[in-house]
Each structure stands twice: as C-alpha cells, then as structure tokens.
Amino acid sequence: MKLSVQWKQKWCISMLTAVLLMPVMSYSVSAATETSTTSQTTAVQTSLPKIKILATGGTIAGSSESNTDVTGYKAGALGIDVLINAVPEMKKVADISGEQIANVGSPDIDNAVLLQLANRINELLASDDVDGIVVTHGTDTLEETAYFLDLVVKSDKPVVVVGAMRPATAISADGSFNLYNAVKIASNPEATGKGVMIALNDRIGAARYITKTNTTGTDTFKSVEQGYLGVVSGDKVYFYNQSTRKHTANTIFDVKGITELPQVDILYEYQNNGSYLYDAAVASGAKGIVVAGSGNGSLSTRSSEGAARAVDQGVTVVRSTRTGSGVVTPLDSDAEIGTLYADSLNPQKARILLMLALTQTKDPTTIQSYFEAY
Ligand code: ASP
C-alpha cells in the first residue's frame, strides 16, 4: 500500500513533469525538426562548389634535390595529384578534381596548348558539374595564357590562373598557399563575371592588366597602372575593382574548331636597329608583327621602313612599348605607314590579341577597334 501510494505519487509527479515539460518537449521536437531542416539547408548551402584544377606545369609543379634551390630546379616535374594532395585544406573549400593538360615550363606553352586549354575550359564550364576552373601554370608566360583565356572563355564562371615563384621542394615555397587562394577565389560567388584572374602573393589580378615584373621575387605580378581586382587576406576573399575591358562571354572571339592561330611575331626596338628583322618575319610567314617600341611605341627610321614594307605585304603591324607600362597612343605616322597602336597592352599581350583579331579580319580599322575594346 505504502508502495502503491509512493507509486501514485511518482506517477502524479511524472504526469505533472510531463505537462510542465510539454512546451519544452514540443520546442525540443520543433528544434529537432528545425535542426534537421537547418542541416538539410546547410547541406544545400554548404554543398561545396565544384572546382576543376587544370595543370600545365611550371614552378608550382617544380622540384629540386635541394630545398634552397629556387633557380636551378626542374619546372613541370610534379603531376596534378601531387599538387592536390599537398594542399588537403582545399577540400574544405571546394569539391576538387584535377586534370593534367601539359607539364612543361611555361616558355614552352605554345598555341596548341592554348587552344587545347581554352577548348577544355569551355567544355567544362558548359557543364553544371563544374562551377569554376583553376589553371596551374609557370609564371614566365602566365599572363599570356591568362589573357588568351580572358578573350576566348565563353562563360561567366570564375577562371583563376595560378603559379609560384619557388618550386614545391623549396623552404617557404609559395605554391601551396597560392593554389589554396586560387581555389578560394574560384569558389567565391563574387568572382563570377570578373574575367580571367591571376592569383599570386595574396593578390587577385585581372588577366588584362597584370604582368610579371621581377625575375625571382614572390611579389612579381604587378598591376601598376590599373591596380588589383582584390586581395585574399585573413582567410577571406575581398574584391575591390573590376576590369572595364570586354572579356570572356562578351568577346567576339571563338576558338571552337580553330586548329591553328596566325603567326604573330614580336620585334624589339633598340638603337641602331635595322629593318631586316621585319623582312625576316614576313618571309617566315608572319601575318602580324608587334613592335616593342621605345617610349610611346616609337620606331626608328629604319624600323619604320621595315614596318611599312610589312604593311604593304598585307601584314598587320601593331606598336606596343618596351617601357613596361603606359598607354601607346596614336601617332601621325600610323596614318602614313599603316601601323596600329596597342593601347595599354604590353607586347606579349598585344601579340595574343592580334592573333585572335586576325582569326576574324584583316581590316586595320576593325583591328584597331579591338585594341580599344579588349
Ligand atoms: N620560372 C618559371 C615559373 O615561375 C618557370 C615557368 O614559367 O614555367 O613558373
């Protein structure tokens, strides 16, 4: 009996507790429901962006016997899997997969690799399975590849080209962090529609503007006149600017089906030069010549004669500058000889635009308009 009273008391207490706790329990249930909804939402929100890394070689994939060797190493020695496995932190930022396009030092990146890379990127970005691309590349000609892609990638999805100045085997190698940053940039929704970007030394550069300025320093990529697009700092990506020039989905250039690009050579202006290099370029099949002119794209008298002969033979000659920065402006001599001016494109990027321009037209006025638009 005593027991039964105790049991009854217990039962009453339990019932009371149950009633009192009802709102709490129902809160808990709804909290549980919310939690599961949240975790579902979280699952959707945090489903990681799918980033494809296309490897082409360079110092970022470079290797040496010595960890203090930062000049005599072999560029393009390590494969894409090694690069990805060296930075497992990237997998928290994005769903990563990789492909090897080439494995060379970037002086050996040629038009065939450019076309292969561009076509593959266009193919990948057309698919819902890829949200962004990172290209690993040697720094020597990185800006040329980046600008080429800037002109021919037909998508607003982010494309980031990344390299390193110290091989992967060096003390304080910069490649791993540059690659991590590149993946973070390509995964960032704000990177959409920014054109092809370059990620080195925590800076985000526009392919149109940035250039390699130093032989060995890790801060080699500079955008002197136009500035950077943004920075990666404290684990966050910050965008501040964007290019005013047409790029990616807004260009008229399309490399689909193109198997060869026209030969465009670069000639360098210097004291006491002759005109014979123009003749040699034309004789070897050049359809275009870019001159790294002195100052505001100036040509010597002999150079002007060579340029005039080239133009007479149907070759497009564009004046850029060897100064490293500044705008090359129109001169009266352009009208006299038929030369064009490169705007603010350095010679190596002017060559890229001229190759693509010549896939469209030979008309000098139209080609000049491209140099003002892109
Ligand atoms: N030194 C170069 C680099 O920084 C080599 C290359 O361009 O492949 O990657």
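Scanning segment 81-115 for residues that are within 15 Å of the ligand (Cβ to nearest atom) and of a type in the set (Asp, Glu) returns Asp108, Asp110. Selection of first residues in segment 55-67 that are touching a residue at least 12 places away in the same chain (Cβ under 8 Å) and of second residues that are in a strand (DSSP E or B) and near the ligand (Cβ under 9 Å from one of its atoms), restricted to Cβ pairs under 9 Å at least 6 apart or on distinct chains, gives the following pairs, ordered by first then second residue: Thr56/Val104; Gly57/Val104; Gly58/Val104. Is it the case that some residue within segment 70-89 is buried (at least 17 other Cβ atoms within 10 Å of the Cβ) and at positive phi? Yes; the residues of segment 70-89 include at least one that is buried (at least 17 other Cβ atoms within 10 Å of the Cβ) and at positive phi. Here segment 264-281 is the region considered, the condition is being among the hydrophobic types (A, V, I, L, M, F, W, C) and farther than 30 Å from Arg120 by Cβ, and the residue that is surrounded by the fewest Cβ atoms within 10 Å (Cβ to Cβ) is Ala280. Scanning segment 116-156 for residues that are buried (at least 24 other Cβ atoms within 10 Å of the Cβ), charged (D, E, K, R) and away from the ligand (no atom under 16 Å from the Cβ) gives a single hit, Asp150.
Tally up the residues in segment 231-265 that are at positive phi and either outside any loop (DSSP other than H, G, I, E, B) or of a type in the set (Gly, Ala, Ser) (or both), please. Steps first, please.
Keep residues of segment 231-265 that are at positive phi, which gives 234-235, 248, 257.
Keeping just the survivors that are either outside any loop (DSSP other than H, G, I, E, B) or of a type in the set (Gly, Ala, Ser) (or both) gives 234, 248, 257.
Residues meeting the conditions: 3.
Table: residues versus (1) within 27 Å of Lys212 (Cβ to Cβ); (2) basic (Lys, Arg); (3) surrounded by 22 or more Cβ atoms within 10 Å (Cβ to Cβ).
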site: Pro262; (1), (2), (3): yes, no, no
site: Ala283; (1), (2), (3): no, no, no
site: Val291; (1), (2), (3): yes, no, yes
site: Gly295; (1), (2), (3): yes, no, no
site: Leu299; (1), (2), (3): yes, no, yes
site: Arg302; (1), (2), (3): no, yes, no
site: Val317; (1), (2), (3): yes, no, yes
site: Thr329; (1), (2), (3): yes, no, no
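Is it the case, given these coordinates, that Thr213 is hydroxyl-bearing (Ser, Thr, Tyr) and within 19 Å of Gln348 (Cβ to Cβ)? Spell out the reasoning first.
On the way: hydroxyl-bearing (Ser, Thr, Tyr): yes; within 19 Å of Gln348 (Cβ to Cβ): yes.
Yes, satisfied.
In the set (1) of a type in the set (Val, Ile, Thr); (2) touching a residue at least 40 places away in the same chain (Cβ under 8 Å); (3) crowded, with 19+ Cβ neighbours inside 10 Å, the condition left unmet by Ile258 is number (3).
Looking at segment 69-80, can you tell me whether even one residue there is assigned by TED's automatic domain parsing to the domain that holds Ser172, closer than 22 Å to Pro158 by Cα and more than 12 Å from the ligand (Cβ to nearest atom)?
As a first pass, look at segment 69-80 and keep what is assigned by TED's automatic domain parsing to the domain that holds Ser172: 69-80.
Right, trim to closer than 22 Å to Pro158 by Cα and you get 80.
Filter once more, so that each one left must be more than 12 Å from the ligand (Cβ to nearest atom): 80.
Yes, segment 69-80 has at least one match.
Only residues that are surrounded by fewer than 24 Cβ atoms within 10 Å (Cβ to Cβ), in contact (Cβ under 8 Å) with a residue 40 or more places away in the chain and on the phi > 0 side of the Ramachandran plot: list them for segment 194-218, please. Listed by number, the list is empty, since nothing qualifies.
Filtered by the rule that a residue be under 18 Å from Leu353 (Cβ atoms) and touching a residue at least 40 places away in the same chain (Cβ under 8 Å), segment 297-319 gives Gly297, Thr316, Val318.
Taking Gly227, is it at positive phi and either assigned to a strand (DSSP E or B) or touching a Phe, Trp or Tyr at 6+ places or on another chain (Cβ under 8 Å) (or both)? So that I can check it myself, show each step before the final result.
Numbers: at positive phi: yes; either assigned to a strand (DSSP E or B) or touching a Phe, Trp or Tyr at 6+ places or on another chain (Cβ under 8 Å) (or both): yes.
Criteria met by Gly227.
Matching residues to (1) small (Gly, Ala, Ser); (2) in contact with an Asp or Glu (Cβ under 9 Å, 6 or more places away or on another chain); (3) outside the structural domain of Gly227 (by TED's automatic domain parsing):
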| residue | (1), (2), (3) |
| --- | --- |
| Ala310 | yes, yes, yes |
| Thr316 | no, no, yes |
| Arg322 | no, yes, yes |
| Thr329 | no, yes, yes |
| Thr339 | no, no, yes |
| Asp343 | no, yes, yes |
| Ala350 | yes, yes, yes |
| Met355 | no, no, yes |
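The values are calculated or read from the model by the stated rules, or taken from the named source; none is laboratory data. Being a predicted model, the structure only gives us computed values, none of them experimental. In this analysis, Cβ positions are derived from the backbone assuming ideal geometry, glycine residues included, and neighbour counts consider all displayed protein chains.
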